[in-house]
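The values are calculated or read from the model by the stated rules, or taken from the named source; none is laboratory data. As the structure is a computational prediction, the values presented were derived from the model and not from experiment. No Cβ is skipped: glycine too gets one built from the backbone with ideal geometry, and neighbour counts run over all protein chains shown. Side chains are part of the model used for accessible areas, which takes the heavy atoms of the whole protein and leaves out ligands, DNA and RNA. Shrake-Rupley method; radii C 1.70, N 1.55, O 1.52, S 1.80 Å.
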Amino acid sequence: MRAIVAKFASRAWMGVVAIAALVLTLVFFQFTVDDAYITFRHSLNLVEHGILSWNLEGPREEAFTNPLYVLLGVIGIKAGFKPELPIKIISLFIFFLWLFRAVRASTPSSRAKHILVASAFLLCIPAYIHAYSGLETLLFAYLLFEYLLSDDIGHPRDISIALLLLLCRPEGVLFVIASSGCLLIRRLNGSYVPSPEDGKWFFPVVLMGGLAFLVLGYKVFYFGDLFPNTFYAKAGKSQGIGAILGNFRSSAPWMVLAAFTLEWQRLKGWRIAKYSGFAVMYLVYLRSRLAMNYADRFWFQLFWPLIIYSIATNANILSTLSLGNVNRLWSSFSSSRLTVISLAGAAWIFSSIVGSPSSSLHLSTYFGRAIRSHANLGWQLNRYLPVGTTIWVGDAGLIPYYSRRMTYDLNFLGTRKIAKEGVTDEFLYEANPDVFILYSSGYTEAQTSKGQQDKELAYIREKGYQYVGGFPWSDYCMNVYASREVASALASKGFEHAQQVAMRNDRGKRAGFLEDVVLSYRYLLSPASVVPSVSNSGKQDK
């Protein structure tokens, strides 16, 4: 009788988990982060002008990280869809492929262990956020999981995966060095003897190595630089002690859960080198601006593969926790190790839902509001700005994508010179932008944020730029300044009316979950060039 109850309970639990997974997939499939449109701007320029660059004029700028996602964006645009749609479909497949691979890797392979692995995987809210964001986060994290599954190091299999990691992000070079270096050393000292199983990975190594060489070589030839602008803007700049401590605090729940699920007895011999890349990545993230992102993006892609791999392959977890026996489940909580794991996991799940605004469910409404603000502002700028106008902007995704004007990005991602040297007076006078779009706490000129934008504000005052209105964006605003000539053109062509409509459509922090999600889905499923919006009359228009 007890076994029947336990079996029914486990099936009921997996039913709850499956329903939660379905709901979270539907909620977050529409979510796209604004940064994804930095990549898609390259896709658009490639489709319309045959130029792979952030800007069509001036030096070629590499503001994307993953060339595969540029090509997927091209496919979406060429097919008449939104550029992120192919990526979301592929990410949906990768998400459940990862789940399947994690369950298959369970040690020992039993129903109880499968339930544990599947539950941990499917109840991770950040996994859904990053799966459908339009960035390479989920793909990179999944490849790290596969890299860990190649249990030993210095074999053709993990070298092939490391080369794929390198094509996804610059951090992949750490794993290429670790794996290929170990292979070389082990061959020289005779500790590695190839097996017939290793022979089937010879062709993938050659293929991935050749592809990586071609892609990286082409990037150096085309852009004149090995690394994208994001590397110099974020990873190449150290943070102060306060920011480092903030990064450490945000990484703590992930790090604790990884530490307590990892089977530390396995860290010996050549396997230590396999984890060296994770340690170096953590130190780089800790001291850089990379970790300062939505929903713990960089902690997710670093620690989540370790956590899932450890839960799946750590047989000690299964020995203390069995979902098939209620009495054993109850008694297992006397284990201090499992208690710490349970408390850490519960705290982490709780913090992912309500503890940190950057990683909670409110991101489900993020893109609907970005469409109301950024996409529509970019579309209006494209409609009203004179040809040849240049823009200076902070959020470098939807606004530059739809404005289709030469753009300078004050957050260092779009322009290599700014990424390396920061915003300087010399660069401002050299660029002489026609339009500035600056962060603000409200719709008035006096509310434009000081501090980070002091150089821009001083330039605006000196050159006599005019304030032409603010476009609301969630809990802040994007204030627009234009040179006298451009301000006159905007005033005579109805830009002020478009700005007033945007203010009326602003939801701010008010509840609007369903409306924002529906608007985001309408956008995702509409033709590539269409931006659904809310008109002055309250009717949906295009």
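Taken over the range 101-138, residues that are surrounded by fewer than 19 Cβ atoms within 10 Å (Cβ to Cβ) and touching a Lys or Arg at 6+ places or on another chain (Cβ under 7 Å) amount to 0. Pick from the range 54-86 the residues that are without any contact (Cβ under 8 Å) to a residue 60 or more places away in the chain and either within 20 Å of the chain's Cα centre (by Cα) or under 26 Å from LEU163 (Cβ atoms) (or both): which of them is surrounded by the most Cβ atoms within 10 Å (Cβ to Cβ)? Among them, the one singled out is GLY73. For the range 1-21, a residue qualifies if it is farther than 12 Å from SER119 by Cβ and at pLDDT 65 or above, and the qualifying residues are ILE4, LYS7, PHE8, ALA9, ARG11, ALA12, ILE19. The criterion of at least 1 residues that are open to solvent by 20 Å² or more (accessible area, probe 1.4 Å), modelled with pLDDT of 55 or more and out of contact with any Leu (no Cβ under 9 Å at 6 or more places or on another chain) is met, among helices (runs of 4 or more DSSP H) falling completely within the range 288-383, by 315-320, 336-350, 366-370.
Only a single criterion out of (1) crowded, with 21+ Cβ neighbours inside 10 Å; (2) modelled with pLDDT of 85 or more is not satisfied by CYS182, namely (2). Condition check: under 30 Å from THR365 (Cα atoms) and either without any contact (Cβ under 8 Å) to a residue 12 or more places away in the chain or not charged (D, E, K, R) (or both). Does GLY464 satisfy that? When the stated conditions are applied, GLY464 does not pass them.
Restricted to the range 402-520, the set of strands (runs of 3 or more DSSP E) holding at least 1 residues that are surrounded by 20 or more Cβ atoms within 10 Å (Cβ to Cβ) and modelled with pLDDT of 90 or more comprises 406-409, 435-440, 476-482. Restricting LEU68, LEU92, LEU85, LEU99 to residues that are under 18 Å from TYR132 (Cβ atoms), assigned to a helix (DSSP H, G or I) and at pLDDT below 95 narrows the list to LEU68. Within the range 257-270, restricting attention to residues that are surrounded by 13 or more Cβ atoms within 10 Å (Cβ to Cβ) and under 23 Å from PHE175 (Cα atoms), the residue that is modelled with the lowest pLDDT is TRP270.
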